[in-house]
1. Cβ-Cβ under 7 Å, sequence separation 6+ or interchain: first residue in the stretch 228-243 and in contact (Cβ under 8 Å) with a residue 40 or more places away in the chain and small (Gly, Ala, Ser), partner open to solvent by 10 Å² or more (accessible area, probe 1.4 Å) and part of a helix (DSSP H, G or I). Which pairs?
2. Restricting attention to the stretch 52-105, which residues are under 15 Å from the mean Cα position of the chain (by Cα), over 22 Å from Ser337 (Cβ atoms) and not acidic (Asp, Glu)?
3. Please count how many residues of the stretch 46-74 are closer than 30 Å to Ile130 by Cβ and at pLDDT 85 or above.
4. Within the bounds of the stretch 59-67, is there any residue that is in contact (Cβ under 8 Å) with a residue 12 or more places away in the chain and more than 25 Å from Phe301 (Cβ to Cβ)?
5. Only one of these is within 22 Å of the chain's Cα centre (by Cα), open to solvent by less than 60 Å² (accessible area, probe 1.4 Å) and farther than 30 Å from Ala116 by Cα: Ala182, Ala191, Ala177, Ala150. Name it.
6. So, Arg91, is that one assigned to a loop (DSSP other than H, G, I, E, B), over 15 Å from Thr27 (Cβ atoms) and free of Cβ contacts under 8 Å to residues at least 40 places away in the same chain or not?
7. Taking the stretch 110-137 only, how many residues are open to solvent by 30 Å² or more (accessible area, probe 1.4 Å) and not in a loop (DSSP other than H, G, I, E, B)?
8. Just checking, how many residues over the stretch 305-341 are of a type in the set (Asp, Glu) and open to solvent by less than 50 Å² (accessible area, probe 1.4 Å)?
Amino acid sequence: MRTVTQQREARPERAPSELAVLTIFVTSVCNARCETCFYWDSLNRPKDEMTLEEWARVAETVPPVRGLQLSGGEPTLDPDLTAKAALFVARPETSIAMPTNGIRTAQVVEQAGRLASRFPGSRVIVGVSIDGPAEMHDRIRGVKNNFARAMETLDALRELQRTHPNLRLSTLTCLMASNIDAMPALLRELAGSGRVDYITIEPLRDQTPVPGLQGPPLDKLRAVQALSIELNTQLLRDRYPREMPSVVSHLVELYRTQQHVRTAGLLDLDCQAGAATGVLEANGTVRLCELLPPVGNVRDFDHDWNAVWHGPAARAQREHILTRACSCTHCVNVGQSIPFDAAAETRRRAAEERLTALLPAPAGV
């Protein structure tokens, strides 16, 4: 492996003037009790959260953002959700993604409609969490009838999509040893239901409130990821053919990298957490990665993002990330690292070319 010095010299500046993805935890409030939640020990502390005026002060110091992740807590419970998003969306092509537990259908639909209407030039992706068949899902999420409500929410969002063409609908599934066997049938059912534009899967993260939870066995993870490629290719080819090659080729390389981490225990590319991606929590905490310790709080620096982002704690953590000692399968960080790695991006582009060849030729050609 290259030394830290060699890695630093071989790559661009680690804190560039633009973020590929900024994740903002718009609220800590949540109405579920998920046993898979990595953020469980910071939930439901609304008194600690920044005011909208504080958010605006921070946003003035944040560099341009290409992709915005609206997280929480349950983001749709935040009455200022769209206002906070607007602080960071400086250009129409910014993509916006929001997970939801789908418990409060009317509220989810209202918030999704506001986002899609406020940002008509942006692709607004709403992902509804589905972690298993009904009984299993409700147990994992800690809410009775959550599965049924999530299905109602997907149906209502699909209706909303008729008047908001920039809206995209997905399911979000956390894969672990206890639910992996149920996933193939469920994912096929969801893909065939007409409710979603694509499906999203992610291996379990280490930080959870329930001791003993385990990630999925590697062979079963590979099988479900292969199924995800198959189903997403079909779904997007039918609904959004122009988007299919880039989306699916990204998944192909993301899954390859995740499998490598599971087998080798080490990333085979440089993670861009703290360079291309960053995290701002509702209480002002700044992280380079959701899974690493905070590097500061904007409230301690007159709400100046750059003072934290370029501070000594952030610089030290970037050095740590360079060593790959904290290699993980985090889909945002790994996914946004692919374009910065020549070998990974070459593989992704080759996959994109193969997938493009599956599309029918344009009329008249």
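1. Qualifying pairs under 7 Å: Ser228/Leu251.
2. Correct list: Gly72, Gly73, Pro75, Met98, Thr100, Asn101.
3. To start, the set of residues in the stretch 46-74 that are closer than 30 Å to Ile130 by Cβ comprises 46, 49, 65-74.
When the remaining residues are screened for being at pLDDT 85 or above, the result is 49, 65-74.
Residues meeting the conditions: 11.
4. Filtering the stretch 59-67 for residues in contact (Cβ under 8 Å) with a residue 12 or more places away in the chain gives 59, 61-67.
Still in the running and more than 25 Å from Phe301 (Cβ to Cβ): none.
No.
5. Values: Ala182 fails: within 22 Å of the chain's Cα centre (by Cα); Ala191 fails: farther than 30 Å from Ala116 by Cα; Ala150 fails: farther than 30 Å from Ala116 by Cα.
Result: Ala177 is the single residue among Ala182, Ala191, Ala177, Ala150 that is within 22 Å of the chain's Cα centre (by Cα), open to solvent by less than 60 Å² (accessible area, probe 1.4 Å) and farther than 30 Å from Ala116 by Cα.
6. Details: assigned to a loop (DSSP other than H, G, I, E, B): yes; over 15 Å from Thr27 (Cβ atoms): yes; free of Cβ contacts under 8 Å to residues at least 40 places away in the same chain: yes.
When the stated conditions are applied, Arg91 passes them.
7. Step one: list which residues in the stretch 110-137 are open to solvent by 30 Å² or more (accessible area, probe 1.4 Å), which gives 110, 114, 117-118, 120-121, 123, 125, 133-136.
Subsequent filtering for residues that are not in a loop (DSSP other than H, G, I, E, B) retains 110, 114, 117-118, 125, 134-136.
The total comes to 8.
8. Within the stretch 305-341, the first condition is being of a type in the set (Asp, Glu), and the residues that meet it are 319, 341.
Then keep just the ones that are open to solvent by less than 50 Å² (accessible area, probe 1.4 Å); that gives 341.
Residues that pass the stated criteria total 1.
The values are calculated or read from the model by the stated rules, or taken from the named source; none is laboratory data. Predicted, not measured: the structure shown is a model, and the values here were computed from it. With ideal geometry, Cβ positions are generated from the backbone for all residues, glycine too; neighbour counts draw on all protein chains shown. Areas reflect the complete protein model, heavy atoms only, side chains present, ligands, DNA and RNA absent. Shrake-Rupley method; radii C 1.70, N 1.55, O 1.52, S 1.80 Å.
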